[in-house]
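Presented below is the structure to which this report refers.
Every read-out reported here was derived from the displayed coordinates using simple, explicitly stated rules and does not represent laboratory data. Owing to the predicted nature of the structure, the values given are computational and were not obtained by experimental measurement. We place every Cβ from the backbone using ideal geometry, glycine too, and count neighbours over all the protein chains shown.
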Amino acid sequence: MFLKILLTASFIIIFSIDIASANTLLYVTHESKERVSVYNADSEKFIKNISIGESPFHLAMLPDKKLIAVSHKGAGADYLKIIDSVSGKVKLTPSIIVGRYKKTGEVYLTIDNSGKKLYAVDSNMNYVDIIETGKWKLIKRVMLGIQPKKGMLSSDGSTLVIPNLNSSNIIFLDVLKDNISRNIKINGQPSAAAFSHDGKRLFILDKENSFLLFMDLQSGNIIGKAVVGNEPVNLLLSPDGNTIYVANYASNSLSVINAKTMDVITNIAVGIQPFGMAVDDKTGRLYVCNYGEASISIIDAKTNKGIRKIPTDAAPTNLIIVRE
Amino acid sequence: MNIKTIIFLIIIAATAPSFAQAKGLYVVNESGTINFIDTLSEMVVKEIPSGSSSINIAADPSNRYIVIGNGEEKEKVWVLDIQNERIAAKIPVMKGKKAGFFFFAFSKNSTRLFVLNRYSPELYVISVDDWRLLKTIPLNLAPEGMAISSDSRFLYIINRAFPALIIFNLDTEKVEKSANMEGTFSSIVNSPDGKVLYVADKSASKILVIDAATFEVLKDIVTGTEPVDMAIAKDGRFLYVSCRFSYSLIVIDPLEMKAVANIPVGIHPWGVALNSDGTEAYVANYNENTISIINLKEKREIYRLPTGKFPTRLVYVP
């Protein structure tokens with residue numbers, strides 16, 4: 001009898017550990033609040049808040065999945081917080097930057113494939129700070145165009161592409177040497193850019209003219225364009241690289257585009273002012289921050305249909321998926 | 001300022017509106033008025049009563065009259081004499097108080113007006129000569145839109161239930177052809193050559209390109225969220241689609257059968273109209289009480305003008 005109970009109990013323990021380890025969490029920045037909120041992606045329930053400081057904006061996770069960098073408005077040198085995902089608390093505040101003025105917290109974070117370097121593109125200061133993640137010290141600052149947006153790495157991790165909204169150029173940064181290897185002018189306002197998986201094409205959003213542009217990287221020519229909605233601000237590639245999701249900030253919708261044929265597959269209505277997006281490659285679920293309505297839309301990326309919305313705190317900006 | 005100048009100014013002020021009467025845009029507001037907009041000076045010139053809950057508006061092909069449908073008056077179709085700026089007739093169609101969600105089609109020779117209402121199963125045939133209701137034909141449909149063939153022999157009607165698409169023969173007064181199609185349809189137009197029908201599916205955010213003879217769906221084109229109204233250029237070269245929940249006007253190239261531009265407009269756009277040379281498009285922004293004036297060459301909005309409350313649809317009179 002006793003053995004039976006013990007066996008059952010141990011089963012329960014093993015089982016519950018198993019459940020706990022399978023938790024998928026969403027870390028969400030709220031620009032109007034001073035915190036990152038954590039939600040359980042499966043139960044869609046709120047778990048906890050992590051205090052960050054003024055206007056948290058963007059997040060990036062290190063490859064070891066233990067540390068998460070968060071940008072925020074901050075004051076002077078203080079614009080970056082490092083969260084320990086195990087304890088769920090801010091572990092350190094790297095004090096990196098001299099000569100940074102307090103503007104908005106619109107700093108986009110990208111971590112290189114080795115996890116050794118963090119690229120922090122400051123959209124107001126028009127530069128990228130390259131930070132060593134071990135010591136959290138500044139390695140180099142590279143001046144960019146006007147209003148640079150999120151940097152995206154090529155699949156091989158060799159190049160970081162940065163669109164510059166108000167100077168209409170795309171800057172390519174050699175990640176090995178950390179210098180600008182290429183600079184291409186385009187027509188319009190590039191608000192986001194990403195490499196195709198094979199590295200032959202660049203997908204560029206033109207916010208001004210509502211287009212997703214397809215650039216052939218060998219020639220630098222625009223070889224096609226797909227019409228999207230009002231003010232496209234963010235794009236995301238599906239894990240297989242075949243589908244592009246575009247967040248149309250002023251149309252409250254996503255455009256879904258075939259990355260190879262350049263055809264628009266469908267239009268998905270989401271909440272007000274969609275911005276940050278993340279896709280869970282295990283479940284095929286796409287999460288979209290609806291900045292203007294305090295919610296996250298969940299979309300089934302297989303059927304391209306909205307599933308439901310999770311209510312959140314005000315002004316959700318960006319999110320990442322973290323597996324516990 | 002002496003008396004002479006004052007008199008001069010008064011004369012100018014008194015005569016100015018009649019100068020502007022030649023051509024322009026008529027916008028119907030659900031609150032029960034029409035705005036006349038002079039598209040040369042880009043000014044709202046006049047507001048005329050149109051009856052409560054007025055939603056649709058159309059001009060006859062000879063451009064002498066405008067018809068407006070309202071929902072709550074006893075006589076629900078009003079006729080505006082454009083030249084004389086007065087209501088020339090009020091026609092009693094459809095019983096009871098409903099929304100003035102009418103659909104109008106004129107025969108190309110301007111002798112007949114065909115009228116449907118979203119909440120009526122009947123087709124009303126009106127004589128344009130004396131604005132008399134000639135006939136009420138029971139169709140047993142819940143119509144969502146109507147287009148007329150270029151020879152004026154057929155009406156293309158989209159329906160809220162099955163069959164979803166109907167060709168009604170106006171000579172035999174019988175349904176010529178019908179098809180069941182999945183979707184929530186909001187608008188139909190036909191190509192100037194009569195070969196193709198464009199049907200907006202608002203729930204799928206798509207325009208169906210349909211062969212008018214076989215009803216075969218040739219292609220579906222993705223638009224913004226909830227396409228609600230369409231206008232096609234006279235030469236059929238471009239199709240313009242207003243998208244209610246993405247606040248945009250989508251430009252479709254019928255040759256390429258795809259969207260070629262997205263033009264941001266105001267809040268909850270509804271009716272779309274084009275000027276006679278196809279250089280400008282006009283969009284009624286329902287929840288903003290404005291219209292957007294769009295330069296089609298540059299493919300961008302150039303002005304926004306205030307209207308009455310809840311502008312729904314509009315028509316350009318050359």
Quiz item: Net charge near residue B:51, counting Lys/Arg +1 and Asp/Glu -1 over other residues with Cβ under 10 Å of its Cβ?
Solution: 0
Quiz prompt | For chain A, built as a Gaussian network whose Cα springs stay under 10 Å, the top-fluctuating residue of A:147, A:273, A:218 | solution = A:218
Exercise. Rounded to whole Hz and in sequence order, give me ³J(HN,Hα) for segment B:284-289 from the Karplus expression 6.51 cos²θ - 1.76 cosθ + 1.60, θ = phi - 60°, writing x for Gly and Pro.
Key: 7, 9, 3, 8, 10, 6
Quiz item: Tell me, what ³J(HN,Hα) does each residue in segment B:186-198 have, in order and in whole Hz, if you take phi through Karplus 6.51 cos²θ - 1.76 cosθ + 1.60 with θ = phi - 60° and put x for Gly and Pro?
Solution: 10, 6, 9, 9, 10, 5, x, 7, x, 8, 10, 10, 10
Quiz item: In angstroms, what radius of gyration and Dmax does segment B:78-219 have, counting Cα atoms only?
Solution: 15.4, 46
Quiz item: Relative to the longest principal Cα axis of chain B, at what angle does helix B:3-19 sit, 0 to 90 degrees, rounded to 10?
Solution: 10 degrees
Quiz item: Across segment A:34-39, in residue order, what do the Karplus-derived ³J(HN,Hα) couplings come to in whole Hz, using 6.51 cos²θ - 1.76 cosθ + 1.60 with θ = phi - 60° and x for Gly and Pro?
Solution: 9, 8, 9, 9, 10, 10
Exercise. Tell me which residues come under 5 Å, amide H to amide H, from residue A:105 once H is placed; ignore anything under 5 positions away on its chain.
Key: A:73
Quiz item: Counting other C-beta atoms within 10 Å, which of A:223, B:137, B:291 has the fewest, and how do the rest follow?
Solution: A:223, B:137, B:291
Self-check item: Positive minus negative residues near residue A:40 (Lys, Arg vs Asp, Glu; Cβ under 14 Å)
Solution: 0
Quiz item: Hey, how many Å between the Cα centroid of segment A:160-197 and the Cα centroid of segment B:29-61?
Solution: 49 Å
Exercise. Give the shape of segment B:36-79 as rounded, prolate or oblate, defined through the alpha-carbon gyration tensor: a ≥ b ≥ c are the square roots of its eigenvalues, a/c under 1.5 means rounded, and otherwise the shape is prolate if a/b is larger than b/c and oblate if not.
Key: oblate
Quiz prompt | CD proxy at 222 nm, helix term only [per DSSP H run n ≥ 4: -39500 (n - 2.57); per residue of chain A; nearest 500] | solution = -2000 deg cm²/dmol
Quiz item: Nearest 10 degrees, 0 to 90: what angle lies between the long axis of helix A:2-21 and the longest principal axis of chain A (Cα atoms)?
Solution: 10 degrees
Quiz item: What is the Cα centroid distance between segment B:146-169 and segment B:84-135, reported in whole angstrom?
Solution: 17 Å
Quiz item: If each residue's Cβ is checked for other Cβ atoms within 10 Å, how do B:298, B:144 rank with the fewest at the top?
Solution: B:298, B:144
Practice problem: Would you mind checking which residues have amide H under 5 Å from residue A:57's amide H? H placed 1.01 Å from N; only 5 or more apart, or other chain. | Solution: A:71, A:72
Self-check item: Sorted largest first, extent of segment A:234-283 alpha carbons per principal axis (Å)
Solution: 28, 25, 15
Quiz item: What is the fewest-to-most order of A:289, B:243 by other Cβ atoms lying within 10 Å of their Cβ?
Solution: B:243, A:289
Quiz item: If you build a Gaussian network model of chain A, linking Cα atoms that sit under 10 Å apart, which residue out of A:221, A:183, A:290 swings the most?
Solution: A:221
Quiz item: Once the mean 1/r over all distinct Cα pairs of chain B is inverted, what Kirkwood radius in angstroms do you read off?
Solution: 19.9 Å
Exercise. Can you spot the lysines whose alpha carbon is less than 16 Å from residue B:206's alpha carbon? Ignore those fewer than 8 places along the same chain.
Key: A:305, B:219, B:258
Self-check item: Flagged links, alpha-carbon separation over 29 Å, of A:66/A:149; A:282/B:202; B:76/B:108; A:135/A:200; A:177/A:302
Solution: A:282/B:202; A:135/A:200; A:177/A:302
Self-check item: Two-decimal ratio, the protein assembly as shown, of alpha-carbon radius of gyration to 2.2 N^0.38 Å
Solution: 1.14
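Please compute the net charge surrounding residue A:315, taking Lys and Arg as +1 and Asp and Glu as -1 over other residues with Cβ under 10 Å from its Cβ.
Net local charge, residue A:315 excluded: -2.
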Quiz item: Averaged over B:261-271, how many beta carbons belonging to a partner chain fall within 10 Å of each residue's beta carbon?
Solution: 3
Practice problem: Would you pull out the residues with amide H under 5 Å of residue A:139's amide H, same chain only if 5 or more places away, H placed 1.01 Å from N? | Solution: A:130, A:131, A:132
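Return the subset of B:234/B:299; A:116/A:150; A:73/A:309; B:135/B:177; A:91/A:116; A:207/B:234 for which the Cα-Cα distance in this structure is over 24 Å, preserving the input order.
Beyond 24 Å: A:73/A:309; A:207/B:234.
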Quiz item: Averaged across the residues of A:221-232, what count of C-beta atoms belonging to other chains lies within 10 Å of each residue's C-beta?
Solution: 4
